[in-house]
Structure formats: C-alpha cells, structure tokens
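Enquirer: Mind having a look at this structure? Questions to follow.
Here, each number is a calculation from the coordinates, and none is a lab measurement. Note that the structure is a prediction, hence the values are computed from the model and not measured. Quick reminder, even Gly has a Cβ in these numbers, built from the backbone with ideal geometry, and neighbours come from all protein chains shown.
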C-alpha cells in the first residue's frame with residue numbers, strides 16, 4: 001500500500017478518450033487541459049503526460065489549419081514521395097511534424113494510405129492527391145490558402 | 001506448496017512465488033536490474049531470463065513468472081545464457097559509461113556490444129529505463145511525480161512538462177532505488193535539489209540542533225502517524241539522544 005492514500009481508479013480507457021477529445025477540440029494538447037484532465041479523472045499528471053507523449057496521434061504544438069500527409073510508404077517512396085516531401089519542406093519552410101509560422105499548414109509523413117495505385121500520394125485534410133509531381137504542389141497549396149476567406153494574411157506561394 | 005526444480009535441484013516454495021524468488025531461494029544467482037521485492041514484477045530489463053524445460057519448453061523472464069507444480073527451471077541453458085547476454089549487449093550499447101552495467105556485463109562474459117555506442121548527446125547516459133524510480137514513486141510512495149515520457153529511442157523518465165513536479169515530496173526514493181545511479185539529488189543549503197527532475201524542495205530544520213534533515217513536503221507523515229508526530233520534529237540524532245536520555249532516566253530513577 002502506498003503511503004499516500006490513492007483515489008479510486010478511474011473507469012478504464014477514460015484517459016485516452018479524454019486525450020482524443022482535447023486533441024480534436026484544440027488540434028493539440030494544451031498544458032492546462034492535461035492538468036484539468038488529470039484532476040478530473042483522478043489520474044496522476046505524470047501518467048497523463050506519459051500517455052500523451054507516447055502516442056503520435058497527439059501533438060503538443062498548435063497545429064496548422066490544414067494538415068498535409070505525405071505518403072512515404074513503399075510504393076510512394078519508390079515513385080518519388082521523398083521528392084514531394086523535400087519540395088514541401090523547402091516551400092513551406094517546415095520539417096515533418098512542424099507547422100508553418102502562419103499556422104496554415106502542418107506537414108506530416110505517413111506510411112501508406114492504401115492508395116498505392118495512385119502513388120506518389122499526398123493528403124490534405126483528408127483529400128487525396130495522387131500521381132503527384134513536385135511541380136504540382138504550389139498550385140495545391142494555393143488552393144487551400146485561397147479557401148481561407150479573410151482572417152490571416154497570406155502571401156501566395 | 002509448489003515443488004519445482006532449479007538446475008535439477010528440487011525446491012519447494014509457497015504458491016505465488018516467482019521463478020526468480022525460487023531460484024534465489026535455491027542459492028542460484030541471477031542478475032536483475034528492474035526487480036525490487038517491494039514492487040510489483042515488471043519484466044523490463046530481461047536480465048533474469050531462464051529456460052523452463054517442463055511442463056512446456058519456454059524462455060521466460062523469471063521475475064514475472066509464477067511457479068507451478070513440476071516446473072523445471074534451467075538458469076544456464078545455452079538459450080537462457082544467450083538471452084541474458086543479448087540483453088546486456090543492448091544495455092551496454094545504451095549506457096557504455098555505466099560502471100554497474102559494465103560489471104554486470106563482464107560477469108556474464110560480455111565486454112563489447114555489437115550494437116554500437118550512443119550518439120554524442122547521450123554518451124553519458126546512465127538510465128536503463130528499468131522503471132524502478134517511476135514505480136517506487138507511484139506504487140510505494142503514492143506521489144506519482146515522475147513517469148515515462150515519449151517512446152522508442154526518445155523514451156526517458158521525467159516530470160510532466162519537464163518542470164517542478166507539484167506532487168514530488170523530495171523523499172529521494174527514486175535516487176535510492178536507481179540501480180545505475182542515474183538520478184542526481186543534492187542537499188544544498190536549506191534546499192534539496194532533485195536535478196534530474198528539475199525540482200527543488202525545502203528541507204526541514206531540527207528545532208533542537210538546527211540540522212536540516214528531511215524535506216518539508218514529507219511533514220504529512222507526522223500528521224498521518226500521530227505516534228511519530230512529536231518525533232518527526234526532531235532529527236534522527238536528537239531523537240536518539242532524547243530516547244537514550246529517557247531510557248537512562250527511567251532506568252536509574254525507578255526501582256529496577
């Protein structure tokens with residue numbers, strides 16, 4: 001028995017569900033939300049933080065309004081996925097996992113989205129772009145920037 | 001009681017005993033890093049691997065395997081030895097600077113690792129991620145101030161957000177239990193600084209001799225156990241002196 005009396009254990013699985021909810025709400029996990037989750041679920045903060053840092057599905061950085069997934073699965077990799085990523089990195093000035101300063105885009109890599117026949121593939125907010133070439137990327141990015149009515153001032157690519 | 005054999009030598013142990021405990025009861029040595037008798041089995045370090053030949057053939061972590069009737073344990077089968085040596089090679093590759101690991105490895109005949117050395121920024125790494133500090137803090141102390149962070153190559157132990165842990169009571173159990181001395185704790189002035197956890201706590205001053213002897217956040221122990229509350233105020237030496245004084249007075253003032 002621990003020296004310090006412990007609260008009763010929370011309902012199983014409550015923590016991950018809560019983390020997903022926070023991530024969906026904010027696009028990332030703000031510190032104060034994790035502290036609140038720990039308190040409300042009666043789970044030690046160290047355990048909350050442990051779970052939050054374990055899963056790649058959770059982010060600690062504020063995310064872009066659009067998430068770009070570049071596929072580096074076997075088929076896409078062979079057919080130039082890496083070149084797409086390089087082009088994105090140089091155009092947006094971010095590395096995988098990072099968000100552009102204007103918070104427009106977050107770039108991430110995935111390993112296969114199941115669209116190998118269209119390789120190389122990139123997804124933006126769940127829309128899939130197949131048989132891509134690096135020179136087609138600026139146009140796609142511009143489309144998403146133009147979608148954003150008012151708000152943030154963006155220079156085109 | 002359960003009957004089993006360890007290296008063909010019969011052993012009888014109570015039900016619920018682990019193979020590791022039975023092996024040690026039989027006087028056979030097995031190395032461990034993540035095992036502590038006061039904590040639940042964890043099976044992280046893989047140093048206590050043994051073969052079981054009956055009732056079925058398997059290679060198991062002895063610290064987490066409960067004994068069963070008719071179990072035949074072999075601690076020095078070729079596969080058990082090679083599993084332990086492999087684990088040591090991995091540990092040596094992660095912590096080449098750790099004297100504890102070097103010694104354990106040498107005892108199993110491992111002097112070099114096939115898995116290379118850590119990158120320069122981790123060259124001094126001493127933590128083997130056995131989880132003893134995390135578990136003692138959570139299971140035995142109940143503070144749960146530290147936990148594992150990240151996973152894979154980035155996995156490490158730390159406080160949430162790498163800042164002062166509000167629940168840390170500064171007891172130092174983490175540093176005490178660490179098998180590789182990876183946790184740095186220092187008492188400086190009236191502060192205890194837990195460097196590894198970016199945490200500092202105040203030390204309690206003995207009202208009699210003025211010596212600093214225990215972290216302030218541990219004062220709750222005095223409230224929890226009224227029978228020690230009065231003694232809690234004094235440092236161990238003053239407490240001992242007072243007990244001795246009381247004993248002497250009692251002995252020589254009351255009729256024997």
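Enquirer: Can you work out the FRET efficiency for the pair residue A:32 and residue B:3, with r the C-beta to C-beta distance and R0 = 60 Å, to the nearest 0.05? Numbers along the way, then the final one.
Expert: Details: r = 57 Å, r/R0 = 0.96.
Between residue A:32 and residue B:3 the formula returns 0.55.
Enquirer: I would also like to ask the following. Could you tell me the calculated FRET efficiency between residue B:221 and residue B:181, based on Cβ-Cβ distance and R0 = 25 angstrom, to the nearest 0.05?
Expert: On the way: r = 26 Å, r/R0 = 1.04.
E(calc), rounded to 0.05, equals 0.45.
Enquirer: Let me ask something else about it. Once every DSSP H run of n ≥ 4 in chain B is given -39500 (n - 2.57) and the sum is divided by its residues, what mean residue ellipticity at 222 nm do you get, rounded to the nearest 500 deg cm²/dmol?
Expert: On the way: 8 runs with 72 residues, N = 256.
Counting only the DSSP helices, I get -8000 deg cm²/dmol.
Enquirer: Helix A:81-92 sits at what angle to the longest principal axis of chain A, using alpha carbons and giving 0 to 90 degrees rounded to 10?
Expert: 80 degrees
Enquirer: Evaluate the relative contact order of chain B (contact order divided by residue number), counting alpha-carbon pairs under 8 angstrom at least 6 apart; express in whole percent. List each step's numbers first, then the result.
Expert: Numbers: 442 pairs, mean separation 28.9, N = 256.
Result for chain B is 11 percent.
Enquirer: If you average the alpha carbon positions of region B:37-87 and of region B:1-27, how far apart do those two centres end up, in angstrom?
Expert: 12 Å
Enquirer: How far apart, in nm, are the 7 Å Cα→Cβ label points at residue A:57 and residue B:249?
Expert: 6.6 nm
Enquirer: So what is the calculated 222 nm ellipticity per residue for chain A, using -39500 (n - 2.57) for each DSSP H run with n of 4 or more, over all residues, to the nearest 500 deg cm²/dmol?
Expert: Working: 6 runs with 62 residues, N = 157.
The helix contribution divided over chain A gives -11500 deg cm²/dmol.
Enquirer: Give me the angle, in degrees from 0 to 90, between the Cα long axis of helix B:78-94 and the longest principal axis of the Cα atoms of chain B, rounded to the nearest 10.
Expert: 50 degrees
Enquirer: Mind jotting down a quarter of the surface of the convex hull over the alpha carbons of chain A, in square nanometres, one decimal?
Expert: Working: hull surface 46.7 nm².
Mean orientational projected area (chain A, Cα hull): 11.7 nm².
Enquirer: Could you calculate the FRET efficiency of residue A:108 with residue A:14 from 1/(1 + (r/R0)^6), where r is the beta carbon distance between them and R0 is 41 Å, rounded to 0.05? Let's see the in-between values first.
Expert: Values: r = 27 Å, r/R0 = 0.66.
FRET efficiency, residue A:108 to residue A:14: 0.90.
Enquirer: Classify chain B: rounded, prolate or oblate, from the alpha-carbon gyration tensor (a ≥ b ≥ c, eigenvalue square roots; a/c under 1.5 rounded; otherwise prolate if a/b is larger than b/c)?
Expert: On the way: a/c = 2.56, a/b = 1.45, b/c = 1.76.
Judged from the Cα gyration tensor, chain B comes out oblate (a/c at least 1.5, b/c at or above a/b).
Enquirer: Here's a follow-up. Neighbouring Cβ atoms within 10 Å as the yardstick, rank B:184, B:205, A:87 fewest first. Mind dumping the intermediate values first?
Expert: Values: B:184 13, B:205 16, A:87 19.
Taking fewest neighbouring Cβ atoms as first place, the list is B:184, B:205, A:87.
Enquirer: Under Stokes-Einstein, with the Kirkwood radius over Cα pairs standing in for Rh, what whole-number D in µm²/s applies to region A:1-60 at 10 °C and 1.306 mPa s? Don't jump to the answer; show the numbers that get you there.
Expert: Details: Rh = 11.9 Å.
Roughly 133 µm²/s, to the nearest whole number.
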